[in-house]
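Below is one structure, written out as structure tokens, with a few remarks after it.
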Amino acid sequence: MEAGQNPGSGVFRHEVKYHISERGAYMLAQYFRCIMRTDKHAGSDGQYWIRSLYFDTPGNRDYHDKVNGYTDRRKIRLRIYDTATNIAMLEHKSKRGAFVHKESMPLDRQNASTLVNGNCAFLPFLPHGAAHQFYACFQRELLRPILIIDYERQAFELPFESIRITIDRSLRASMDTSRLFDKNAPCLRVPNERGCILEVKYRHAIPDFIRSILSEIDLTGTSISKYIICRQTLHI
């Protein structure tokens, strides 16, 4: 779930990712502050912290689908924005051709920890429309936790077309998935010589004035995955 999104909602949209230099990221942030809303969860510096714990199959299906460039693929993760939180969002993010769909549901701290420890039996008893789907996925595919990823995000939004632009930096990763709620979990800084990761998300079309701003920056469009970058850095 993005900060500010209603828990449990499904979202369909396009997502385009770019590598961007720190200088370019700074310039874009100055532009977007003037014409877009900043995320309400952001601190005084305009950023907020995200931690995601990723799951995969015993054969690493999701990892290989992405590496092999399959157009239909998915990610399954738990996401928090504060280690003191009582809620973690369980998310299923799938890509089908040009569209990305995300389904999410809230788990309390105890259930999130239970899931990380390999027990999904509680899922079908939760009062949420996606609970049985998540249970079937975990039970059928024997999903298990792989790694934790932390990073800082700046986010900008427009109140139409589900337009959201994010800038991610300071990527860190840990193989100690048992410490999802531990702010002192040991994480390795993941080097990114290309700077930051820019994501442009929208429902149908990007407005011309957004395209004009993006054209002012030297962007390298590519198929970027923080999950893949961190797995390859940690050699897992």
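The values are calculated or read from the model by the stated rules, or taken from the named source; none is laboratory data. Computed from a prediction, not measured in an experiment: that's the story for all the values here. Every residue, glycine as well, gets a Cβ built from its backbone with ideal geometry; the counts of neighbours run over all protein chains shown. For accessibility, only protein heavy atoms count, side chains too; no ligands or nucleic acids. Shrake-Rupley method; radii C 1.70, N 1.55, O 1.52, S 1.80 Å.
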- Item | The listed residue being open to solvent by 50 Å² or more (accessible area, probe 1.4 Å), in contact (Cβ under 8 Å) with a residue 24 or more places away in the chain and under 19 Å from His64 (Cα atoms), out of Arg109, Arg96, Arg140 | Arg96
- Query: Counting only residues that are assigned to a strand (DSSP E or B) and touching a helix residue (DSSP H, G or I) at 6+ places or on another chain (Cβ under 8 Å), which one in segment 81-104 is nearest to Arg164 (Cα to Cα)?
  - Reply: Glu103
- Task: Mind counting the residues in segment 112-137 that are out of contact with any Ser or Thr (no Cβ under 9 Å at 6 or more places or on another chain), part of a loop (DSSP other than H, G, I, E, B) and open to solvent by 70 Å² or more (accessible area, probe 1.4 Å)?
- Result: 3
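For segment 159-169, which residues satisfy the criterion of being open to solvent by 20 Å² or more (accessible area, probe 1.4 Å) and touching a residue at least 40 places away in the same chain (Cβ under 8 Å)?
Result: Pro159, Glu161, Ser162, Arg169.
For every residue, the table says whether it meets (1) in contact with a Leu (Cβ under 9 Å, 6 or more places away or on another chain); (2) of a type outside the set (Gly, Ala, Ser).
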residue	(1), (2)
Thr71	no, yes
Val100	no, yes
Ala121	no, no
Leu126	yes, yes
- Note on the structure: Out of (1) of a type outside the set (S, T, N, Q); (2) in contact (Cβ under 8 Å) with a residue 24 or more places away in the chain; (3) under 16 Å from Arg79 (Cα atoms), the one Arg172 does not meet is (2)
- Task: With the checklist (1) more than 22 Å from Leu188 (Cβ to Cβ); (2) in contact with a helix residue (DSSP H, G or I) (Cβ under 6 Å, 6 or more places away or on another chain) in hand, flag the one item Lys66 doesn't pass.
- Result: (1)
- Task: Identify all residues within segment 201-236 that are aromatic (Phe, Trp, Tyr) and within 21 Å of the chain's Cα centre (by Cα); write none if there are none.
- Result: Tyr202, Tyr227
- Query: So which residues in segment 189-221 are within 24 Å of Ile146 (Cα to Cα) and either in contact (Cβ under 8 Å) with a residue 60 or more places away in the chain or surrounded by 14 or more Cβ atoms within 10 Å (Cβ to Cβ) (or both)?
  - Reply: Val190, Asn192, Cys196, Ile197, Glu199
- Query: So which residues in segment 37-70 are of a type in the set (Gly, Ala, Ser), under 25 Å from Ile210 (Cα atoms) and either touching a residue at least 40 places away in the same chain (Cβ under 8 Å) or open to solvent by less than 70 Å² (accessible area, probe 1.4 Å) (or both)?
  - Reply: Ala42, Gly43, Gly46
